[in-house]
Each structure stands twice: as structure tokens, then as C-alpha cells.
Amino acid sequence: MLACRQLSKTYRTGRGDVAAVVDLDLEVEAGRYAAVIGRSGSGKSSLMAMIGGLSRPSAGTVTIDGTDIWGLGDDALARFRNGRIGFVFQFASLLPTLRLVDNVALPAMLGGVRDSAGTYDKASALLARMGLGDYLDAYPSEISAGEQRRAAIARALINDPALLLADEPTSDLDEQTEIEIMDELLGVNRELGTTLILVTHNLALAEQAEQIVHIANGALVA
Ligand SMILES: Nc1ncnc2c1ncn2[C@@H]1O[C@H](COP(=O)(O)OP(=O)(O)OP(=O)(O)O)[C@@H](O)[C@H]1O
Ligand SMILES: [Mg+2]
């Protein structure tokens, strides 16, 4: 479902060029859980941003379900990203002025759904699945960091993505909350068949993965 070929990312900075990802080849099969591990600065987030259509590669290709995503025009890429890829970031990324249910429904509304009642039903059901059924009308500031992360997972799932990308979604949370949120992500992977690529520093979490992608200095470690 995912293929990266000769993928590279070089940042141009005042201090010179930084080669964050170098000629990286990677395949992940549909429905898999793949864990990305590696030291800080090894290029994990840079890789995820290219896979997710957020940061243009300096060289190479990213193909998702047969689509060369960086070959798409800007509008087509935005539509592809919104419709096919879900993201969960490390820190809260919910919009503070919207209720949880609005935050979760938003990517579907942006996609131009006609059935807004159906979308809100689905947003409510996803929040309930994440244990937030009583918080539909709450604002992000009224819930805990762990609950915000659950809401972000619900939002990432509203458009039934084929691919769920999570970049250290639990690293700032306590151990028990981390386990609970990982259970939600793995449940999505197993029950909905969503391909999951997770960046983590937690080796116990990585060991549960069907595929481990170990990165050092922007390249795969065999
Ligand atoms: N926007 C940027 N501009 C310049 N250099 C960058 C930028 N983003 C990342 N880098 C550099 O690219 C390299 C890889 O960074 P990246 O964020 O991908 O690492 P990471 O593996 O995600 O690290 P961490 O585990 O700390 O999140 C680092 O040397 C970093 O300093
Ligand atoms: Mg990172």
C-alpha cells in the first residue's frame, strides 16, 4: 500500500544543508502495523511528513495505493491527504474554539460532504469509541492531554483513511495513558484494517509491530 523509493529530504539552512532522509526505500503492506524507531534527529518526523503529503521530498517518490502522491497537483494532493491519510501528532492539534464533535467532523466537512447530520453521527460515534462519548460538546481546553489525543485519533479517522500516521502520539503522556491510547490505535489497525505507521521511542510498543523500521542518520538500519 505504501512504497517509498530513493526518498530524500535535505533542509537548506543558514548553517548549510542538513540531509535528514537519504535515499530511503521502504514498503509497508496494507493493513500492517509498522513502527518507526531511531534516535532523536535520525529523520523519523521528516520521513513521516513526506509520506503524509505534508513536506515535499528533495528527491524520490512516495506511492500510496498506486498514487505517486508528490506527482499530484496541490489541490489533488490536499484532497488525497484529507481523504486517505489520517494524522495523529505528538502535541494537541485540535482547534481550541471548536467543540470536540466539531473538531472531529471538520475534515469530513472540508471534504465537502452533503450529509452533515450523518457526519455528526459518525463523529459522535468515533468519540464514543475513544471513550469520549460524554464530551461531545466539550472544548479542547476542558479535557486532559490524553483525552485530547483520543479526540485527535477520532478526527484522524473521520474520513476512513487507508493509512494512519502517528508521530510519537503518546510520548508526553503517563505510562497508563500511553497504553490505553496505543490500545485504541492498535484496535483501529486490527478492527478497521487501517494501515498504521507509528513513530515511537518506546521499544515495548515497537516490539508489538509486524514491521520495525529502524532509522539512523536518515537511512534504514538493516
Ligand atoms: N525544518 C527544518 N529545517 C532544518 N533542519 C531540520 C528541519 N526539520 C528537521 N531538521 C533536521 O533534520 C534532522 C532530522 O530531523 P527529524 O525531526 O526528522 O528527526 P526525528 O527523528 O523526528 O527526531 P525526534 O525523535 O527528536 O523527533 C535533524 O538533524 C533536524 O535538526
Ligand atoms: Mg520527530
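Between residue 12 and residue 128, the modelled labels are 5.3 nm apart [label points 7 Å from Cα along Cα→Cβ].
Heavy-atom accessible area per residue, the stretch 1-157, 1.4 Å probe: how many Å²?
48 Å²
Summarising the overall dimensions of the stretch 120-172 from its C-alpha atoms, the Rg and Dmax are 11.1, 31 angstrom.
Hey, with R₀ at 41 Å, roughly what FRET efficiency would residue 214 and residue 78 work out to, going by the Cβ-Cβ distance, to 0.05? So the FRET efficiency works out to roughly 0.85. With a ≥ b ≥ c taken as the square roots of the eigenvalues of the C-alpha gyration tensor of the stretch 71-200, please select rounded if a/c is under 1.5 and otherwise prolate if a/b is larger than b/c or oblate if it is not? Oblate, because a/c is 1.5 or more while a/b does not exceed b/c.
Of all the stretches in the chain, which is the longest one without any exposed loop site, taking trypsin sites (Lys or Arg not before Pro) in a DSSP loop (any state but H, G, I, E, B) with at most 13 other Cβ atoms within 10 Å? Free of exposed loop sites, the longest segment is 115-222. For the stretch 1-129, which whole percent of the accessible surface, found with a 1.4 angstrom probe, sits on carbon and sulfur atoms? That fraction is 51 percent. In whole percents, the pair-distance distribution calculated for the chain from its alpha-carbon pairs, binned every 5 Å from zero, is 1, 7, 15, 19, 19, 16, 12, 7, 3, 1, 0.
When both the stretch 100-136 and the stretch 167-222 are represented by their alpha-carbon centers, they are found 25 Å apart.
Here the chain is treated with +1 on each Lys and Arg Cβ and -1 on each Asp and Glu Cβ, and its dipole about the Cα centre works out to around 740 debye.
Farthest toward the positive end of the dipole of the chain, out of 188, 148, 72, is the Cα of 72, where the dipole comes from beta carbon charges about the Cα centre. The gain in end-to-end length when the residue 23 to residue 89 segment is fully stretched comes to 21.3 nm, 0.36 nm per residue minus the alpha carbon separation. In this structure, the amide hydrogen of residue 87, modeled 1.01 Å from its nitrogen in the peptide plane, lies closer than 5 angstrom to those of 165, counting only residues at least 5 positions away or on a different chain.
Give the residue list of GluC sites (Glu not before Pro) in the stretch 175-222 that are DSSP loop and have at most 13 other beta-carbon atoms within 10 angstrom.
Sparse-neighbourhood loop GluC sites (Glu not before Pro): 210.
Between residue 144 and residue 70, the modelled labels are 4.0 nm apart [label points 7 Å from Cα along Cα→Cβ].
The values are calculated or read from the model by the stated rules, or taken from the named source; none is laboratory data. None of these values were measured; they are calculated from a predicted model. Here the Cβ is made from the backbone with ideal geometry for all residues, glycine too, and neighbour counts use every protein chain on show. All accessible areas refer to the heavy atoms of the entire protein, side chains included, with ligands and DNA or RNA removed. Shrake-Rupley method; radii C 1.70, N 1.55, O 1.52, S 1.80 Å.
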